[in-house]
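Quick notes on the structure that follows.
Values quoted throughout were computed directly from the atomic coordinates according to the rules given, and no laboratory measurement underlies them. As the structure is a computational prediction, the values presented were derived from the model and not from experiment. Every residue, glycine among them, receives a Cβ derived from its backbone with ideal geometry; neighbour counts consider all protein chains shown.
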Ligand SMILES: Cc1ncc(COP(=O)(O)O)c(C=O)c1O
């Protein structure tokens with residue numbers, strides 16, 4: 001069967017497409033349940049309230065799921081990260097380490113607290129921060145590292161935690177893509193000092209637990225929990241009881257005037273989606289593994305590697321492969337993608353841009369127009385070639401959707417399409 005497909009002319013050269021089944025998610029989000037809980041809140045008049053009712057129920061359920069005592073809801077993942085940076089003491093003059101391959105929202109809150117971003121190489125076979133390079137970039141000014149389990153791929157938590165503890169720096173886990181993923185049997189978000197989760201988007205393509213626009217921060221550290229409340233949760237119900245530190249309680253309920261509280265409807269949607277999270281993660285893991293197994297031995301493409309203790313999940317942003325052009329006669333990546341897309345494979349190139357190469361971080365900028373701030377003065381900037389390992393790897397990233405319930409036969413046809421295109425690569429040169 002696959003042999004017959006491989007024998008056909010490439011679709012990009014006028015032959016038949018290898019993929020005839022649509023690239024479509026068949027899993028149905030629980031829309032009726034979502035409508036029911038949101039409508040109930042409307043009936044109850046719960047439009048703007050946090051720290052009680054369904055919001056509190058969801059925070060408690062999520063904390064229990066992650067295996068930590070404390071969870072706070074936010075209006076965005078970005079604000080959860082902001083509060084986390086505040087909690088661990090990030091401020092003007094500090095440096096914060098970040099992987100160079102992530103979404104800017106992971107970095108921006110630390111910059112707006114006055115901290116200079118220091119970008120680290122990623123592991124080119126895993127797409128997450130390289131702990132060896134991370135350690136090399138630690139200076140006496142380094143206050144924290146914010147690691148990102150990008151696209152659900154798990155960072156080396158043993159290495160990161162041991163480096164961080166040795167140097168006395170805080171670890172913030174950005175778990176926006178990986179709700180439910182694990183390291184050595186522990187849920188991600190529970191291992192670093194604080195775990196932050198975006199809940200942006202809706203099911204099935206938004207964050208694994210989505211709620212439109214919202215976020216979450218979890219921690220086992222009471223001091224960090226109280227500092228996050230103090231920083232972000234103006235007028236949250238029960239705030240004064242939660243702030244046990246008298247220094248902090250003295251500011252309640254207005255705190256520092258920042259209201260990054262979540263919308264209760266978003267929390268309600270999150271609560272509904274918790275019921276299917278493990279199912280969706282398991283199905284996506286199986287789908288991804290099926291493609292990875294099916295492509296074993298196919299020249300030019302390789303699955304992402306995973307650390308032995310890692311259990312990836314979430315897969316926001318899809319699943320990824322690394323391209324090795326030397327195995328296909330130097331065929332340019334764009335040409336490979338064109339040929340696969342012509343066969344009917346739903347795929348993309350690279351995903352996020354490299355953050356150190358975004359204008360803001362590559363050149364620096366006087367954001368506040370005052371000649372002070374983290375991106376002016378002796379800010380070094382990041383010209384092309386400053387993070388060579390990541391820049392080289394970035395050109396070779398191939399991305400594809402990862403389905404919970406695929407259209408029957410789609411993944412088999414995708415595997416056949418890869419085999420067909422790579423067998424005929426000389427015709428594309
Ligand atoms: C890795 C990462 N961190 C942080 C965020 C910010 O989350 P939000 O959009 O909820 O503010 C996102 C959003 O996509 C993200 O992908």
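One table, with the values for the structure above:
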quantity	calculated
C-alpha center-to-center spacing [the stretch 180-204, the stretch 5-58] in angstrom	19
Computed log₁₀ I(q)/I(0) - Debye formula, equal Cα scatterers, no solvent, the stretch 31-274, q 0.12, 0.13 Å⁻¹	-0.63, -0.74
The stretch 31-274: relative contact order in percent, alpha carbon pairs under 8 Å with at least 6 residues between	26
Residues of the stretch 235-254 with amide N under 19 Å of a point placed 7 Å along Cα→Cβ from residue 222	238-252
Cα centroid separation - the stretch 389-429 against the stretch 312-362, whole Å	9
Degrees separating the helix 222-232 axis from the principal Cα axis of the chain, which is the longest one	90
Gyration tensor (alpha-carbon) shape descriptor, the stretch 1-140, a/c threshold 1.5	oblate
Rounded to whole Å, sorted largest first: equivalent-ellipsoid semi-axes of the stretch 158-236, Cα gyration tensor	23, 19, 9
Pairwise label distance in nanometres, residue 349 with residue 249, each label 7 Å out on the Cα-Cβ vector	6.0
Share antiparallel - DSSP beta bridges, the stretch 31-274, percent rounded to 5	50
For a label point 7 Å along the Cα-to-beta-carbon line of residue 139, residues of the stretch 366-406 with backbone N under 18 Å	366, 372-383, 386-387
Ranking of 307, 368, 410 by count of other Cβ atoms within 10 Å, fewest first	368, 307, 410
Residue order, fewest to most beta carbons within 10 Å, for 244, 139	139, 244
Per-bin percent of Cα-Cα distances, the chain [10 Å]	5, 21, 28, 24, 15, 6, 1, 0
Additional length obtainable on full extension of the chain from residue 392 to residue 376, 0.36 nm per residue less Cα span	3.0 nm
Potential lengthening between residue 275 and residue 184 on full extension [0.36 nm per residue; Cα-Cα distance subtracted]	30.4 nm
Percent RCO, i.e. relative contact order, over the stretch 229-283, from Cα pairs under 8 Å lying at least 6 residues apart	37
Crossing angle, helix 53-66 versus the chain [Cα axis fit, 0-90 degrees, rounded to tens]	60
Extension reserve of the residue 132-residue 159 stretch, reckoned as 0.36 nm per residue once the Cα distance is removed	8.9 nm
Nearest-ten-degree value, helix 410-423 long axis tilted from longest Cα axis of the chain	60
Sequence of 347, 274, 1, 319 once ranked by neighbouring C-beta atoms within 10 Å, starting from the fewest	1, 274, 347, 319
Contact order relative to length of the chain, as percent, for alpha carbon pairs under 8 angstrom and 6 or more apart	24
Share, in percent, of DSSP beta bridges within the chain that are antiparallel, nearest 5	65
